[in-house]
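Below is one structure, written out as structure tokens, with a few remarks after it.
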Amino acid sequence: QVQLVESGGGSVQAGGSLRLSCAASGYTYRMFCMGWFRQAPGKEREGVAAIYTGGGSGSITYYADSVKGRFTISQDSAKNALYLEMNSLKPEDTAMYYCAASRRGNQYGQCDIKTKIDFGYWGQGTQVTVSS
């Protein structure tokens, strides 16, 4: 199995920055996509960012429109780690943030966070609170 553990959440003022980390362990071999999701109280879960982790050179990343230009997803395959650098944070970014992993992408073999992808592995989440 695969275990995902998030860290790095906290409370910041609007305009501030946070860096979330996700440590993956277990059978992480041939993981195709990894991503970050968030869920605020009373709202549906939202895909924030995803990255292709299937190997090869370079990284292909995808972002929700609401975070594009402010958030950056990255990975360190040697450390089995996933990161989410969040800048220019807004109160509406307040949510529980979850790391997720998938062994396959969408029907087109992509990791587009805006499309349907079966993320079968999830972490417990880390809370991000942005005050105005």
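The values are calculated or read from the model by the stated rules, or taken from the named source; none is laboratory data. Please read all numbers here as calculations on a predicted model, not as lab measurements. We place every Cβ from the backbone using ideal geometry, glycine too, and count neighbours over all the protein chains shown. Only protein heavy atoms, including side chains, enter the accessible area calculation; ligands, DNA and RNA are left aside. Shrake-Rupley method; radii C 1.70, N 1.55, O 1.52, S 1.80 Å.
Extension gain for SER77 to LYS90 (0.36 nm times residue separation, less C-alpha to C-alpha distance): 1.7 nm. Restricting the stretch 13-105 to trypsin sites (Lys or Arg not before Pro) that sit in a DSSP loop and have at most 14 other Cβ atoms within 10 Å of their own Cβ leaves ARG30, LYS43, ARG45, LYS68, LYS79. Its residue count N fixes a reference of 2.2 N^0.38 Å for the stretch 1-58, and the Cα radius of gyration divided by that reference is 1.37. Each DSSP beta bridge with both residues in the chain is either parallel or antiparallel, and the antiparallel ones are about 90%. In percent, rounded to a whole number, the relative contact order of the chain is 35, using alpha-carbon pairs under 8 Å and six or more apart.
Of interest is the spacing of the C-alpha centroids, which for the stretch 40-69 and the stretch 1-29 amounts to 13 Å. Over the chain, the hull volume per residue, using the convex hull of the C-alpha atoms, is 99 Å³. With bins 5 Å wide beginning at 0, the percent of Cα pairs of the stretch 75-123 falling in each bin runs 5, 15, 19, 24, 21, 13, 4.
Among GLU85, GLU6, the order of accessible area from largest down is GLU85, GLU6, computed with a 1.4 Å probe on protein heavy atoms.
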